[in-house]
Amino acid sequence: MRNKFMALVTVCILLLACASGAFAQTLTIGLKGEPTSLDPHFHNVTANNEQAIYVFDKLIRQDSRQKLMPGLAVSWTPVSDNVWEFKLRKDVTFHDGSPFTAEDVKFTIERIPTVPNSPSSFTGMVNAIKKIEIVDPLTIRFHTDGPAPLLPRNLATFNIISKKYGEGATTADFNSGKAAIGTGPYMLVEWKRGDSIIYKRNDTYWGEKQPWETIIAKPITNDGTRVAALKSGDVDLINFVPPADVAHLSKDAKLTLAKSPSTRLIYLHLDSDRDDTPMVTDNDGNKIKNPLKDVRVRKAISKAINRKAIAARIMDGLAVPAAQMLPDGYEGTSTTLKPEAYDPKGAKALLAEAGYPDGFKITIHGPNDRYVNDGDITQAIAQMLTKVGIKTEVNTMPKSVYFGKASKLEFSLMLVGWATDTGEHSNCLSALLHTYDKDKGFGSSNRGRYSNPKVDQLLEEALVTVEPKKHNELLVEAVELGLGDVGIVPIHYQVNVWAMKKDLNYKGRTDGYTLPRATSVAN
């Protein structure tokens with residue numbers, strides 16, 4: 001019955017959009033990525049988090065540069081060393097008209113660690129909370145295990161769901177729409193996997209008036225196809241414009257572009273943990289003890305990569321070589337770390353020093369439809385590694401396959417991307433370099449299982465240090481230690497580019513999200 005109803009709603013919306021004059025109230029977006037789920041707590045990844053913002057709301061919002069702003073919470077105040085009090089927004093309702101209260105916040109936070117089969121969990125964002133106290137329907141207090149200065153930033157990373165619809169709901173219930181009842185600016189109409197996600201405007205939304213009656217989000221993973229869809233008028237706006245297409249699209253009188261610096265890091269994760277690692281052999285094809293456990297080998301890999309060439313030739317200048325997990329100027333960034341210089345001779349010397357004068361064989365894995373030019377970047381890195389004696393084969397695959405395998409630790413060397421949710425370095429350290437700890441939520445995306453007790457200690461101390469200067473110093477020390485140890489190999493930060501019809505404007509975001517509220521009709 002529900003499927004028939006949703007199909008009828010879809011038809012009505014499309015007919016109304018047609019009647020309004022060439023879809024004047026409809027915004028059709030061509031997206032490079034499709035979410036793995038519409039359950040907002042299932043998978044902490046950009047494609048999912050972006051779509052969740054259409055339907056749900058966060059306690060604390062982030063602006064286009066990831067500065068914190070009121071959301072469902074209008075204020076947040078530390079009332080003691082171990083207690084934060086949040087005041088919630090009045091007169092907010094869910095899509096079905098039921099009121100939003102502190103009970104929904106409490107339910108959401110308690111649900112996050114329990115979501116089954118989560119490939120990358122939000123547990124690390126709530127694990128400091130030891131007790132949740134509901135003072136009244138619009139006041140909630142979080143009691144933490146020690147000082148938690150980053151709690152507001154962490155609570156700005158995920159969306160709040162309805163207790164009424166969330167109790168007993170599965171991830172499949174959110175995907176079908178049954179449980180996807182939020183307080184957000186749009187209501188889910190239908191998700192046709194591989195084709196489109198259709199939303200209709202929530203006219204009772206508490207926030208800013210949304211300019212679009214209907215949103216059609218179409219996953220178009222192939223870069224050429226996505227550009228062609230924009231040029232033909234099949235979509236109004238696309239994200240992740242391929243660098244090679246920027247010049248000619250900017251000359252098209254029917255189109256306009258928007259650019260934004262990005263916190264999206266492209267990097268390599270290396271298996272620095274296991275003695276026996278997949279797809280690494282000597283030059284004769286015999287299994288060998290994992291060479292990536294040796295920091296000299298990891299440093300050799302970093303020195304073998306020509307970051308400037310990747311940024312200039314593969315990314316057509318729309319990338320900035322990276323030295324750490326966030327660009328300069330963000331909280332916790334080091335002023336001493338610089339991008340590794342291209343040094344093939346130095347790489348060969350380090351390999352010889354580590355006992356591999358003739359190198360070895362390895363396979364590098366990567367997605368081919370997730371990040372800008374990800375397949376080409378993977379190929380280029382393989383060629384650079386082969387040049388210094390690490391004979392590297394390439395295996396790229398769709399992200400729908402890739403991330404499941406990466407999370408199961410099926411790879412030794414892999415290309416990955418990370419965009420910080422919180423706009424500061426503890427987020428990256430917690431997810432990528434802290435020792436994997438499922439129960440505490442640390443290392444949730446540490447697919448190389450890098451582990452350094454000193455990095456862990458510095459991060460955990462920073463997470464309970466309220467004094468800003470000391471907090472930042474601890475983060476910087478942890479970053480410098482983990483990157484000096486080559487826990488990951490930073491490659492570059494993407495520059496985000498959107499392209500759209502001439503009569504539209506888009507306010508670019510450092511997190512790379514493509515949001516209806518940031519899209520407007522040009523004056």
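Look through ASP91, ASP96, ASP203 and report the one residue that is assigned to a loop (DSSP other than H, G, I, E, B), in the same structural domain as TYR513 (by TED's automatic domain parsing) and out of contact with any helix residue (DSSP H, G or I) (no Cβ under 6 Å at 6 or more places or on another chain).
Sole residue among the options that is assigned to a loop (DSSP other than H, G, I, E, B), in the same structural domain as TYR513 (by TED's automatic domain parsing) and out of contact with any helix residue (DSSP H, G or I) (no Cβ under 6 Å at 6 or more places or on another chain): ASP203.
Any idea how many residues of region 224-246 are of a type in the set (A, V, I, L, M) and either free of Cβ contacts under 8 Å to residues at least 60 places away in the same chain or closer than 19 Å to ALA47 by Cα (or both)?
Of the residues in region 224-246, the ones of a type in the set (A, V, I, L, M) are 227-230, 235, 237-238, 241, 244, 246.
Going one step further and asking which of them are either free of Cβ contacts under 8 Å to residues at least 60 places away in the same chain or closer than 19 Å to ALA47 by Cα (or both), we end up with 227-228, 235, 237-238, 241.
Of the residues in region 224-246, 6 are of a type in the set (A, V, I, L, M) and either free of Cβ contacts under 8 Å to residues at least 60 places away in the same chain or closer than 19 Å to ALA47 by Cα (or both).
The residue that is surrounded by the most Cβ atoms within 10 Å (Cβ to Cβ), among those in region 462-490 that are assigned to a loop (DSSP other than H, G, I, E, B) and either under 23 Å from the mean Cα position of the chain (by Cα) or not acidic (Asp, Glu) (or both), is GLY487.
From the list PRO119, PRO78, PRO70, PRO99, pick out the single residue that is under 21 Å from the mean Cα position of the chain (by Cα) and of a type outside the set (Val, Ile, Thr). First the steps, then the outcome.
On the way: PRO78 fails: under 21 Å from the mean Cα position of the chain (by Cα); PRO70 fails: under 21 Å from the mean Cα position of the chain (by Cα); PRO99 fails: under 21 Å from the mean Cα position of the chain (by Cα).
The unique qualifying residue is PRO119.
Selection of region 169-206 for residues being modelled with pLDDT of 95 or more and small (Gly, Ala, Ser) yields ALA169, ALA172, SER176, GLY177, ALA179, ALA180, GLY182, GLY184, SER196.
What are the residues in region 491-523 that are over 14 Å from the mean Cα position of the chain (by Cα) and among the small types (Gly, Ala, Ser), if any?
ALA499, GLY508, ALA518, SER520, ALA522
Kindly indicate which of LYS440, LYS361 is under 27 Å from ASN159 (Cα atoms), in contact with a Ser or Thr (Cβ under 8 Å, 6 or more places away or on another chain) and in contact (Cβ under 8 Å) with a residue 12 or more places away in the chain.
Details: LYS361 fails: under 27 Å from ASN159 (Cα atoms).
Just one listed residue meets the conditions, LYS440.
Is there a residue in region 439-456 that is under 14 Å from the mean Cα position of the chain (by Cα), at pLDDT 90 or above and farther than 30 Å from THR281 by Cβ? No - not one qualifying residue is present in region 439-456. Just wondering, is there one or more residues in region 490-500 that are in contact with a His (Cβ under 8 Å, 6 or more places away or on another chain) and in the same structural domain as ASP374 (by TED's automatic domain parsing)? No, region 490-500 contains no residue that is in contact with a His (Cβ under 8 Å, 6 or more places away or on another chain) and in the same structural domain as ASP374 (by TED's automatic domain parsing). If the condition is being touching a Phe, Trp or Tyr at 6+ places or on another chain (Cβ under 8 Å) and of a type in the set (Ser, Thr, Tyr), then region 121-161 contributes THR139, THR144, THR157. For region 504-517, check the following and say yes or no: at least one residue is touching a strand residue (DSSP E or B) at 6+ places or on another chain (Cβ under 6 Å), surrounded by fewer than 18 Cβ atoms within 10 Å (Cβ to Cβ) and not hydroxyl-bearing (Ser, Thr, Tyr). Yes - at least one qualifying residue is present in region 504-517.
The values are calculated or read from the model by the stated rules, or taken from the named source; none is laboratory data. Not measured: the values here are computed from a predicted model. When we count neighbours, we look across all protein chains shown, and the Cβ atoms used for this are built from the backbone with ideal geometry, even at glycine.
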